[in-house]
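Accompanying notes for the structure given below.
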Amino acid sequence: MSSLSAAYLRVYEPLAAFDREQQRRWRRYVREGRAVSPGEGPERQRTAVMAALGSGWTRLPDLPEEAYVLEREGTVLVCPWHLRARVAEAALSARDGVPAVIADAFVPPAFAGLAQAVLDDWRAGEGRLHEQVATWGIPLRWFVFVDESERELIIEPGQRRLIYHAPMSKARRRAHRSLAILRKAVGEDAPITEAVAEGARWLEEFHPGSLVELDYGGLVDLLPDEELATDDSPGLVAAGLASLAKGDADAATEAYEKLVARWRAVQLLERAN
């Protein structure tokens, strides 16, 4: 299955969002035609990270700077991968919840210290993850940020993609409007409210001229063409929120249950495969 049967939420930023050195690097990267397609990227990312993790934990390799690239109306937009930071996070995560003796055997303290330093430097500088990954389906909160009219569907032999592209300004407005509805209808501390709030905060980290991409990734391999063509998940979320805003709990519940049932069916298909 393509794209590792995962879905992706990405932010592409204009070059103006980066410092001068990064701008020069990304311009050269695009000019040399090195950008990787989203269809190939997940496998390349996984291979690079796994190879780094298998290096004996004696050093943190200098992984290449890679990114997805889009061009819209003459503007180049970049979604960096941050591979070195992800390897550092993986190294530290491998020590979590493990007895010290075992943790030190897998990830030596000296390497853990180096990984922490790399993460600290990255967070003090850029510190923004441009891509979120979800397996076993798509988090329902992601659909808040996009609209059905922004769907881009490709169904061709050897190439199947379902993606949504939303301007950052629209994605932020949808997030904040949804938050206002959820806070009033279900409360500040409800899990769905907290999840949407977290997503809204993430969007605020990026340049206002960015583009938000919801990519179904490898999940498209689990759905027939007809279901992809009629996918209305963002519409169901919007309908549910509109019903909540009007105080129609029954209609909101109906939309929510339909959406949950759809993605539960996808999860079962994935497990069966």
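The values are calculated or read from the model by the stated rules, or taken from the named source; none is laboratory data. This is a predicted model, so every value here is computed, not measured. Methodologically, a virtual Cβ is constructed for each residue, glycine included, from the backbone with ideal geometry; neighbour enumeration extends over all protein chains shown. Side chains included, ligands, DNA and RNA excluded: accessible areas come from the protein's heavy atoms. Shrake-Rupley method; radii C 1.70, N 1.55, O 1.52, S 1.80 Å.
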Identify which of the listed values of log10 I(q)/I(0) by the Debye sum over Cα atoms at q = 0.08 Å⁻¹ was calculated from the structure shown: (i) -0.49; (ii) -0.53; (iii) -0.38. (iii)
Length released on extending from Glu254 to Glu226, taking residue separation times 0.36 nm less the Cα-Cα span: 7.8 nm
Sorted by accessible area with a 1.4 angstrom probe, largest first, how do His176, His207 fall? His176, His207
Measure off, as a whole percent, the carbon and sulfur share of the 1.4 Å-probe accessible area of the chain, all protein chains present. 52 percent
Could you sort Asp189, Asp225 by accessible area so the largest value comes first, with the probe set to 1.4 Å? Asp189, Asp225
Magnitude of the Cβ-charge dipole (Lys and Arg +1, Asp and Glu -1) of the chain about the Cα centre, nearest 20 debye, reported as 580 debye
Residue-by-residue Karplus 3J(HN,Hα) for segment 214-219, coefficients 6.51, -1.76, 1.60, Hz, glycine and proline x: 9, 10, 5, x, x, 5
In whole Hz, what ³J(HN,Hα) sequence does segment 135-144 give by Karplus (6.51, -1.76, 1.60; θ = phi - 60°), x for Gly and Pro? 9, 6, x, 10, x, 4, 5, 4, 5, 4
Averaged per residue, the 1.4 Å probe accessible area of the chain, protein heavy atoms only, in Å², is roughly 51 Å²
Read phi for every residue in segment 14-28 and hand back ³J(HN,Hα) as whole Hz from Karplus 6.51 cos²θ - 1.76 cosθ + 1.60, θ = phi - 60°, with x for Gly and Pro. x, 4, 4, 6, 9, 6, 4, 4, 5, 4, 4, 5, 6, 4, 5
Solvent-accessible ranking of Lys258, Lys184, Lys170, largest area first, probe 1.4 Å: Lys184, Lys258, Lys170
Spin-label pair Lys184/Arg31, simplified geometry with 7 Å Cα→Cβ offset, distance in nm: 5.2 nm
Could you compute how much accessible surface Glu254 exposes when probed at 1.4 Å, giving the result in Å² to the nearest 10? 130 Å²
